[in-house]
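Computed from the coordinates by the stated procedures, all read-outs in this text should not be read as laboratory data. This is a predicted model, so every value here is computed, not measured. Cβ placement follows ideal geometry from the backbone for every residue including glycine, while neighbour counts extend to all protein chains displayed.
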Amino acid sequence: MKLYNLSISKKSRPLAHSGTGPARGFTLFELVMVMTIIVILAAVGVASYQQIQLKARETLLKQNLKELRKLLDQYTADKEALPQSLEDLVTAGYIREVPIDPITGEADWTLEFEEDDVSIEGGQGVGDIRSNAPGQGSDGIPYREY
């Protein structure tokens, strides 16, 4: 049976850097470089995240407009008259509430009135709906033309 000496001598014990051997740890330059890389990656990530958020709002806007136009058509076919406002869709039970424009954050839609050719009485009603948001989408088309 062999016995091993497990005691640590003074030579093998790690000591604070005395200047004679290689230094352990990172230099200030290395730390600054790593922090610079992290900041650059974070900036790219934030920009990408903002672009993804904008695309999501634009997609939601297009979907809301498509659904509202479909509901306008359904209302017109069922009631044989164009609605006078979006609140008519709410009171008739086609939607629970007027949706919010995801670009402006408010339910401020632009309603386009047209002659009511379906109704016996005639008159005007809501024929189309558009976003009231200023500016253009990421595809170059103004929000008001969606």
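Let me see the pair-distance distribution of region 29-134: every alpha carbon pair, 5 Å bin width, integer percents in order.
For region 29-134, the pair-distance distribution reads 2, 11, 17, 16, 12, 8, 7, 5, 5, 4, 4, 3, 3, 2, 1, 0, 0.
Based on the mean of other Cβ atoms within 10 Å per residue, sort peptides 134-143, 73-82 so the most packed one is first.
Descending packing order for the listed peptides: 73-82, 134-143.
With +1 on each Lys and Arg Cβ and -1 on each Asp and Glu Cβ, and nothing else charged, work out how big the dipole of region 29-134 is about its Cα centre, in Debye to the nearest 20.
780
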